[in-house]
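Quick notes on the structure that follows.
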Amino acid sequence: MTTTTWYLESTAPSDLVPAREPVAGRDVRFVRCGIPSPDFSRFLYERVGGDWQWTDRLPWSHERWRAWVERPGSETWVLYEHGTPAGFAELDAQPDGDVEIAYFGLLPGFLGRGLGGHMLTLTLRRAWDLAERWPDREPTGRVWVHTCSLDGDHALANYRARGLRVYRETTTG
């Protein structure tokens, strides 16, 4: 099987092209997990990534999950619709002001409901202001993400629509 991976970046907050807001009356909130939880992070990873071949973290022990979610500059953000988790984004602060959107996606049952673009808009805003929540962190100078041909049909288009640009493409297999 051939897999194509696209690496995308944004180099300024002004690159963001916001998606439309959810329809009025929908109770949609984007909340940072203020208490790092290895169990909740693993749940989100397994449920969102289950249909997209996310397997790299499946063998992780509880302690490895704990170490990952408790790192300074690591943040998990959850999109809720009417109090129910609908999706999540994981931000990973890296050297030189880079922030990676390490994981991003919606839970089954929330795809195709107009939430992905909105959640990506909010994720990008939180990546750009990450240093405000981590005083020892230098300001964000670049936000990047990768997606591949195994991910959802609309992933690449959503990233591009929000103003991210492809800077590298690889093919394996």
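Most mobile of F30, F88, F110 per a Gaussian network model of the chain (Cα springs, under 10 Å)? Fluctuation is largest for F110. Counting only DSSP beta bridges with both residues in the chain, the antiparallel share comes to about 90 percent. First check a/c for the range 35-88, with a ≥ b ≥ c the square roots of the eigenvalues of its C-alpha gyration tensor; if it is under 1.5, answer rounded, and if not, answer prolate when a/b is larger than b/c or oblate otherwise. Oblate is the answer for the range 35-88, as a/c is 1.5 or above yet b/c matches or exceeds a/b. For the peptides 43-50, 114-121, the ranking by mean Cβ contacts within 10 Å, running from highest to lowest, is 114-121, 43-50.
Using a cutoff of 8 angstrom between alpha carbon atoms and counting only pairs six or more residues apart, the relative contact order for the chain works out to 38 percent.
The portion of the accessible surface of the chain made up by carbon and sulfur, rounded to a whole percent, is 53 (1.4 Å probe; DNA, RNA and ligands excluded).
Between rounded, prolate and oblate, where does the range 98-173 land on the alpha carbon gyration tensor, with a ≥ b ≥ c its root eigenvalues, rounded for a/c under 1.5, else prolate if a/b exceeds b/c?
Working: a/c = 2.24, a/b = 1.37, b/c = 1.64.
Oblate shape, in that a/c is at least 1.5 and b/c is the bigger or equal ratio.
Compute the Cα gyration tensor for the range 13-169, then decide on rounded, prolate or oblate, letting a ≥ b ≥ c be the square roots of its eigenvalues: rounded whenever a/c is under 1.5, prolate when a/b is larger than b/c in the other cases, and oblate in all that remain. Mind dumping the intermediate values first?
On the way: a/c = 1.26, a/b = 1.06, b/c = 1.19.
Rounded.
Only helices enter this figure: runs of n ≥ 4 DSSP H residues, each worth -39500 (n - 2.57), summed and divided by the residues of the chain, yield -7000 deg cm²/dmol at 222 nm to the nearest 500. In this rough spin-label picture, where each label sits 7 Å from Cα along the Cβ direction, the T172-F43 distance is 3.1 nm.
Counting Lys and Arg as +1 and Asp and Glu as -1, what is the net charge of the other residues whose Cβ lies under 12 Å from the Cβ of P72? Let's see the in-between values first.
Numbers: positive: R71, R133, R137; negative: E70, E75, D92, D136.
Once all neighbours under 12 Å are counted, the net charge is -1.
For the chain, the solvent-accessible area works out to 51 Å² per residue, with a probe of 1.4 Å and every protein chain left in place.
The values are calculated or read from the model by the stated rules, or taken from the named source; none is laboratory data. Here the structure is a predicted model, which is why all the values come from computation and not from measurement. Glycine also receives a Cβ, built like all others from the backbone with ideal geometry; neighbour counts cover every protein chain displayed. Note: areas computed on protein heavy atoms with side chains; ligands, DNA, RNA excluded. Shrake-Rupley method; radii C 1.70, N 1.55, O 1.52, S 1.80 Å.
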